[in-house]
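Enquirer: Please read through the structure below; I'll follow up with questions.
The values are calculated or read from the model by the stated rules, or taken from the named source; none is laboratory data. Everything numeric here is computed off the predicted structure, so don't read it as measured data. In this analysis, Cβ positions are derived from the backbone assuming ideal geometry, glycine residues included, and neighbour counts consider all displayed protein chains.
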Amino acid sequence: MKKIMRVPLFLVVTGCSLLMGSLTHSMEVSSYKCFSERALKSPSMTFSPDGTMVCLGDVDHAVRIWDFASQKLLFKVVEFAHIKDISFSSTSKFLVLRSVYDTVRIFDIDTKKEIIQVAQVSSIKFSLDSKMVLMGSTDGRVSLFDTATGNQYWNVPFSTEISTIKVSSTNKIVLIRSTDGRVFLFNMSDGKQLSTIDNPAAINFVKFSQDSTKVLIGWGDHTSCLFDVYTGERLSESHYAAAIDNVYFSGNHMRSLILYVDGAIYFSEGKEGKFLKINSSASIDKASFRNGKVLIGFTDGTVCLFDQRGELLLQKKFPSLMSYTIFNSDYNALMIGWNDETATLLEIATGKILLNVHSKDEIKMVVFCRDKAGALIQSTNGTVLVFDATTKKGLIKFYFKNEINKIALTPDKSSALIQSVDGTVFLFNTITGEKLLQLVCRKAEVAKINIGATTAIVVYTDGSVSIYEIATGREVMFKRAASPLAEVEQNELKKRRIEK
């Protein structure tokens with residue numbers, strides 16, 4: 001039986017000065033010797049992105065992939081030419097070997113089989129999910145492969161050598177930069193060229209919008225440009241010395257927020273743009289767009305809200321970091337969820353805190369009464385809290401699975417009328433949380449709800465009105481909206497009377 005011993009593992013790679021700490025592992029002496037001896041002699045070494053594997057290119061032209069935790073050999077690739085580069089896909093599922101002759105071989109780690117081999121490769125790029133891989137060749141062509149089958153999707157001519165390949169997060173668009181300074185945008189599905197961008201400067205940063213219709217490129221000359229992917233039109237341009245850290249796009253992708261590594265923030269809408277003035281030296285934690293507004297959360301707890309012109313609407317510092325944000329339907333109040341399971345409701349105009357609540361689940365909506373006497377907060381699990389806006393105290397808390405559209409309170413705030421998005425209206429006792437009744441409303445969409453001491457008035461989007469008795473939920477009156485034709489006839493009669 002072989003002896004088991006604990007040994008400190010030091011890997012020192014000549015030429016790379018790679019020191020791998022004093023990791024201690026329990027392993028068989030023969031396995032440890034084999035791994036450590038090959039590691040010390042290996043001219044090239046690469047770790048997988050997930051840190052579970054290490055690939056060694058040996059002097060015998062073989063490539064060995066080891067499990068890092070156990071130092072066990074997973075598999076070996078033999079008879080390979082002198083190795084120029086060893087890499088893994090971002091998902092650690094595929095191993096890429098490139099020889100000094102620019103031949104690329106791709107192996108599936110799970111099956112230990114070679115799936116793709118291509119000669120004269122100048123550049124290679126996997127999609128984010130590693131389901132596709134794009135290769136540019138030294139003979140002026142670009143090819144897209146399916147990594148599951150190894151089949152080639154398309155192969156298109158490309159006149160010059162490729163220097164950069166980027167793939168959008170949706171896997172719809174491919175950006176390719178040639179060595180002569182031109183940038184080409186291709187459709188990922190069929191290889192059709194969409195547009196061309198000319199700029200001799202090197203590319204330092206690329207970020208596609210969420211729908212892949214726009215792309216922001218940071219150039220080596222400190223210029224940042226937003227382009228239309230399908231036309232190549234330059235939509236906006238900014239100049240700044242620092243490198244780009246990140247970019248956020250609005251929901252309609254017409255606005256962008258460029259964050260620089262030194263903390264500067266550039267906001268652009270169309271071809272207009274400006275640097276935002278923020279009194280915070282902290283870095284940005286989160287940023288988002290809502291209804292033309294820009295909300296930024298910093299690592300020191302500062303929250304800033306800007307309008308669509310880049311003017312500061314609100315700046316306030318909090319003890320926690322921002323987790324999520326929700327605006328009410330009128331966009332005059334903002335609910336901010338924090339990473340400590342609390343949430344704060346703010347009035348945007350004044351920065352006044354309207355309410356602080358504790359909620360383990362993310363809040364998905366905030367609805368105010370028309371008279372601002374109360375508000376309703378609904379979390380993602382269906383829990384609803386109705387609170388008094390004056391006292392900031394909760395009135396009722398209950399479960400409501402439907403999404404809520406509107407809310408109204410009786411003058412004495414003893415009852416709350418809640419309408420879901422499907423038009424159904426419920427009446428709740430704000431003291432006990434008991435559901436008193438369900439109003440049988442018309443099929444038309446509810447536009448307004450007014451509630452009095454004994455009756456509730458529901459106004460529909462078609463102009464018709466229902467009056468309900470709160471005690472019974474019975475509809476006591478219904479007034480149908482006049483049709484457009486009837487209104488024309490009435491106006492004509494009035495006109496004739498005046499003429500007579």
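Enquirer: Which one is surrounded by the fewest Cβ atoms within 10 Å (Cβ to Cβ) among residues in the range 100-121 that are touching a residue at least 24 places away in the same chain (Cβ under 8 Å) and of a type in the set (Lys, Arg)?
Expert: So the residue we want is Lys112.
Enquirer: Scan Ile65, Ile124 and give me the residue that is over 32 Å from the mean Cα position of the chain (by Cα), touching a residue at least 40 places away in the same chain (Cβ under 8 Å), within 29 Å of Lys166 (Cβ to Cβ) and not in a loop (DSSP other than H, G, I, E, B). Let's see the steps before the verdict.
Expert: On the way: Ile124 fails: over 32 Å from the mean Cα position of the chain (by Cα).
Selected residue: Ile65, the only one of Ile65, Ile124 that is over 32 Å from the mean Cα position of the chain (by Cα), touching a residue at least 40 places away in the same chain (Cβ under 8 Å), within 29 Å of Lys166 (Cβ to Cβ) and not in a loop (DSSP other than H, G, I, E, B).
Enquirer: Only one of (1) part of a strand (DSSP E or B); (2) within 26 Å of Lys406 (Cα to Cα) is not met by Leu313, so which one is it?
Expert: Leu313 satisfies every listed condition except (2).
Enquirer: Taking the range 374-418 as the search range and keeping residues that are in contact with a Lys or Arg (Cβ under 9 Å, 6 or more places away or on another chain) and acidic (Asp, Glu), which one is surrounded by the most Cβ atoms within 10 Å (Cβ to Cβ)?
Expert: That would be Asp388.
Enquirer: Going residue by residue through the range 223-235, is there one that turns out to be assigned to a loop (DSSP other than H, G, I, E, B), polar (S, T, N, Q), closer than 25 Å to Phe186 by Cβ and modelled with pLDDT of 80 or more? Give the derivation first.
Expert: Taking the range 223-235 and keeping what is assigned to a loop (DSSP other than H, G, I, E, B), we get 229-233.
If we keep only those that are polar (S, T, N, Q) too, we end up with 231.
Remaining after also requiring closer than 25 Å to Phe186 by Cβ: 231.
Then keep just the ones that are modelled with pLDDT of 80 or more; that gives 231.
Among the residues of the range 223-235, at least one is assigned to a loop (DSSP other than H, G, I, E, B), polar (S, T, N, Q), closer than 25 Å to Phe186 by Cβ and modelled with pLDDT of 80 or more, which makes the answer yes.
Enquirer: Within the range 97-110, work out how many residues are modelled with pLDDT of 90 or more and within 13 Å of Leu56 (Cα to Cα).
Expert: Looking only at that region, the number is 0.
Enquirer: In addition: Go through Ser163, Ser195, Ser159 for me and flag whichever is small (Gly, Ala, Ser) and outside any strand (DSSP E or B). Break it down stepwise before answering.
Expert: Working: Ser163 fails: outside any strand (DSSP E or B); Ser195 fails: outside any strand (DSSP E or B).
Ser159 is the lone residue from the list that is small (Gly, Ala, Ser) and outside any strand (DSSP E or B).
Enquirer: Right, next: Being under 18 Å from Ser189 (Cβ atoms) and surrounded by 20 or more Cβ atoms within 10 Å (Cβ to Cβ) is the filter here; which residues of the range 166-179 pass it? Give the derivation first.
Expert: Initially, the range 166-179 is screened for residues under 18 Å from Ser189 (Cβ atoms), giving 166-176.
Listed by number, the residues that qualify are Lys166, Val167, Ser168, Ile173, Val174, Leu175, Ile176.
Enquirer: Another question about this same structure. Among the numbered criteria (1) surrounded by fewer than 15 Cβ atoms within 10 Å (Cβ to Cβ); (2) touching a Gly at 6+ places or on another chain (Cβ under 6 Å), which single criterion is violated by His358?
Expert: Every condition holds for His358 apart from (2).
Enquirer: Report yes if Phe387 is within 19 Å of Arg290 (Cα to Cα) and aromatic (Phe, Trp, Tyr), otherwise no. Full working, then the answer.
Expert: Numbers: within 19 Å of Arg290 (Cα to Cα): no; aromatic (Phe, Trp, Tyr): yes.
Judged against the criteria, Phe387 is not a match.
Enquirer: Moving on to the next point. Go through the residues of the range 226-247 one by one and say whether even a single one is loosely packed, with under 14 Cβ neighbours inside 10 Å, under 26 Å from Ala282 (Cα atoms), of a type in the set (S, T, N, Q) and out of contact with any Ser or Thr (no Cβ under 9 Å at 6 or more places or on another chain).
Expert: yes
Enquirer: May I ask you to verify whether Thr350 is surrounded by 18 or more Cβ atoms within 10 Å (Cβ to Cβ), over 22 Å from Leu417 (Cβ atoms) and of a type in the set (Val, Ile, Thr)? Steps first, answer last, please.
Expert: On the way: surrounded by 18 or more Cβ atoms within 10 Å (Cβ to Cβ): no; over 22 Å from Leu417 (Cβ atoms): yes; of a type in the set (Val, Ile, Thr): yes.
When the stated conditions are applied, Thr350 does not pass them.
Enquirer: Something else now. Taking the residues in the range 133-148 that are more than 30 Å from the chain's Cα centre (by Cα) and among the hydroxyl-bearing types (Ser, Thr, Tyr) as candidates, determine which candidate is farthest from Arg105 (Cα to Cα).
Expert: Of the range 133-148, the ones more than 30 Å from the chain's Cα centre (by Cα) are 137-141.
Going one step further and asking which of them are among the hydroxyl-bearing types (Ser, Thr, Tyr), we end up with 137-138.
Numbers: Ser137: 14, Thr138: 16 Å.
For the range 133-148, the residue satisfying everything is Thr138.
Enquirer: Being hydrophobic (A, V, I, L, M, F, W, C), under 16 Å from Arg64 (Cβ atoms) and part of a strand (DSSP E or B) is the filter here, so list the residues in the range 90-120 that pass it.
Expert: First pass over the range 90-120, keeping only residues hydrophobic (A, V, I, L, M, F, W, C): 94-97, 100, 104, 106-107, 109, 115-116, 118-119.
Filter again for under 16 Å from Arg64 (Cβ atoms), leaving 95-97, 107, 109.
Scanning the range 90-120 gives Leu95, Val96, Leu97, Phe107.
Enquirer: Could you grab me the full set of residues in the range 318-348 that are farther than 30 Å from Val458 by Cα and either in contact (Cβ under 8 Å) with a residue 60 or more places away in the chain or small (Gly, Ala, Ser) (or both)?
Expert: At the first step, the residues of the range 318-348 found to be farther than 30 Å from Val458 by Cα are 318-325, 336-344.
The answer is Ser320, Ser323, Gly337, Ala343.
Enquirer: Being at pLDDT 80 or above, among the hydrophobic types (A, V, I, L, M, F, W, C) and not in a strand (DSSP E or B), is that true of even one residue in the range 395-418?
Expert: Among the residues of the range 395-418, not one is at pLDDT 80 or above, among the hydrophobic types (A, V, I, L, M, F, W, C) and not in a strand (DSSP E or B), which makes the answer no.
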